[in-house]
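Derivation of every value follows stated rules applied to the coordinates shown; laboratory data play no part. As the structure is a prediction and not an experimental result, all values here were calculated from the model. Note that each Cβ is placed from the backbone with ideal geometry, even for glycine, and that neighbours are counted across all protein chains shown.
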Amino acid sequence: MFAQEFMRNALIAGTAVALTCGVCGWFVVLRGQVFAGDALSHVAIPGALAAAAAGIDERVGLFVATVAVGAGIGLLGAGAVTGRAGRAAVSLPADDTAIGIIFTFILGLGVFFLTRYGMGPGASSGILASRTLFGSIFGLGAGEARLAAILALAVLAVLLAIARPLLFVSVSPDVAAARGVPARLLGVGFLALLGVVAAEATQAVGALLLLGLLAAPAAAAHRLARGPYLGMALAGALALAAMWGGLALAYTIPALPPSTAVIAIAVGIYYLASVVA
Amino acid sequence: MPAEAPAPYLSWNPVSDVSQILEYHFMVNAMLASGIVAVMAGLIGWMMVVRRQTFAGHTLAMMAFPGAAAAALLAVPAAWGYFAFCGGGALAIGRFAHGEQRSWRQESASIGAVQAAALAAGFLFVSLYGGVLGDLETLLFGSILGISDRQVLVLALLAVVVIALLAGMARPLLFSSVDPQVAGARGVPVGRIALAFLLLLGAAVAATSQVTGPLLVFALLVMPAATAQAITPRPALSLALTVLLALGVAWLGVGISYFSPYPASFFIATVAFTIYVLVRVPAAMTGRRVRGPSGHAGEPAPTGVIA
């Protein structure tokens with residue numbers, strides 16, 4: 001299995017994406033922002049299409065779109081969460097309606113770019129959209145895998161650096177704000193970081209894998225582990241287990257797409273955790 | 001656009017524009033279908049925004065993908081797959097997310113897990129099917145121009161059933177949305193009502209995605225409702241306004257798309273978003289406290305904490 005180059009690349013990129021998604025996902029679930037992560041992965045499609053329509057590298061469009069929308073949702077959401085804190089502490093989700101409106105508008109633009117790009121020479125927008133949605137982890141080159149690994153390390157480093165204040169702000173926004181922690185800045189920064197993760201994961205493994213790895217292992221970790229750092233580590237480990245197990249399974253059964261195998265294991269873990277705990 | 005049609009031209013005379021559109025049977029069907037869907041989506045969407053179930057609605061919309069893929073695999077009409085998977089998805093979300101007293105953190109995570117599982121299943125179906133799914137763009141972004149008389153009839157019947165059921169449970173549903181604890185204490189079956197609403201939402205989403213495509217259902221499901229709730233806090237008025245807005249947005253979008261090479265769903269989303277922004281921005285500029293898009297009245301913000 002390790003003799004194949006495509007498999008080695010898939011393992012490198014998959015490990016990087018799984019670790020980042022697992023640890024980021026722990027915060028995403030803590031902050032109730034799974035929908036925001038989902039929206040970011042959808043926004044990647046119009047981003048890539050717009051770049052393709054403009055004739056520039058699609059990755060540029062991908063990163064610009066997800067980071068900009070991440071920061072935008074953060075700006076809206078930070079106000080919403082803190083504004084409500086007086087009444088209901090953190091029992092209400094970040095503003096899902098605003099997220100739905102933003103990403104629907106941007107996907108509407110995606111339709112426009114899809115048509116526009118589809119009219120040009122060498123039209124292959126359907127393939128591009130499909131690749132952005134579902135990715136092709138077995139089709140990565142060595143350079144792409146290395147890039148994924150470097151980005152993952154950078155994201156994890158930033159996340160660990162802001163872990164303490166972010167945790168404080170997520171758990172008790174009022175107290176954190178009173179102590180002078182920049183809650184709004186952290187919220188926006190975290191979502192921008194999530195935008196980077198979304199762009200990288202979408203490009204390497206597809207929006208589908210991103211959502212599954214963000215939500216399922218982290219939700220399982222929240223059920224199983226009490227302490228925050230233990231939870232983060234467990235979320236990363238579970239995501240990694242799902243990724244490796246899924247890749248091995250897909251390698252053994254050729255009819256099984258790798259994304260499906262990885263998500264099936266991740267959701268299976270979540271189901272078991274929700275039964276046990 | 002069919003080949004036999006003379007080149008459409010947009011004039012400043014709206015009457016001639018509309019009569020041009022309605023000259024063709026396929027456009028009449030498109031207008032009928034989008035009108036029916038808009039009314040249903042407006043009503044259900046209003047309730048969805050009040051109940052803050054936008055993510056659940058989006059997840060149900062994504063069920064269209066495994067639905068269509070499974071239908072292709074089994075060689076049955078795609079709409080069957082849509083409705084079957086939307087119903088199944090509604091049950092799964094109800095079971096996972098509302099089964100017991102869970103925090104919204106767990107709820108959003110479990111909805112995400114349901115969506116990922118469904119998409120993964122859809123991806124499996126596509127690869128088992130072995131081919132490229134007819135047209136991914138149509139699957140994702142909808143196509144309104146090929147709707148038959150029979151489909152219009154089915155949509156109309158579905159809309160009547162969904163709206164009747166919604167009207168039947170409107171009072172307990174609203175009660176349990178606004179204050180689930182008190183409603184439960186008064187003997188309202190909160191859990192069963194939530195599940196019933198999710199099923200209705202699934203049906204409405206499946207119908208809407210025939211017009212806008214699954215990715216853009218919110219253009220009719222969320223945007224008109226959020227706009228109307230930002231305009232007025234009175235439930236009955238904002239409900240009526242939602243339906244009018246949805247209808248206007250849908251017809252305007254489909255109408256404009258007749259004169260342009262771009263798909264109707266793009267115009268529906270853009271028109272709906274423009275109206276939303278036009279309503280929200282002046283309110284935000286003047287600093288007037290309006291009801292947020294979530295349907296919750298904004299409290300006075302603690303100054304200094306947020307801008």
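The table that follows gives values for the structure above.
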quantity: For A:24-30, mean number of other protein chain Cβ atoms within 10 Å; calculated: 2
quantity: Packing-based exposure ordering (other Cβ within 10 Å, fewest first) of A:175, B:211; calculated: A:175, B:211
quantity: Rounded FRET efficiency, nearest 0.05, which uses the C-beta distance separating residue B:95 from residue B:167 and R0 of 25 Å; calculated: 0.45
quantity: Potential lengthening between residue A:163 and residue A:271 on full extension [0.36 nm per residue; Cα-Cα distance subtracted]; calculated: 36.1 nm
quantity: Prolate/oblate/rounded call for segment B:16-83, Cα gyration tensor, a/c under 1.5 rounded; calculated: oblate
quantity: Protection proxy ranking, peptides A:198-208, B:20-30, B:258-268, average beta carbon neighbours within 10 Å, highest first; calculated: A:198-208, B:258-268, B:20-30
quantity: Tensor-based shape of chain A (alpha-carbon gyration tensor, a/c under 1.5 rounded, otherwise prolate or oblate); calculated: oblate
quantity: Label-reachable residues, segment A:176-217, where backbone N falls under 19 Å from a point 7 Å from residue A:248's Cα toward its Cβ; calculated: A:217
quantity: Stretch gain in nm, segment residue B:15-residue B:192, where the contour uses 0.36 nm per residue and the Cα spacing is subtracted; calculated: 58.9 nm
quantity: Peptide B:218-226, shielding by other chains (average Cβ, 10 Å cutoff); calculated: 4
quantity: For A:170-181, mean number of other protein chain Cβ atoms within 10 Å; calculated: 1
quantity: Percent RCO, i.e. relative contact order, over chain A, from Cα pairs under 8 Å lying at least 6 residues apart; calculated: 32
quantity: Computed FRET value (nearest 0.05) for residue B:150 with residue A:185, which takes r as the C-beta separation and R₀ as 56 Å; calculated: 0.50
quantity: Fewest-first sequence of B:93, B:256 by Cβ atoms within 10 Å of each Cβ; calculated: B:256, B:93
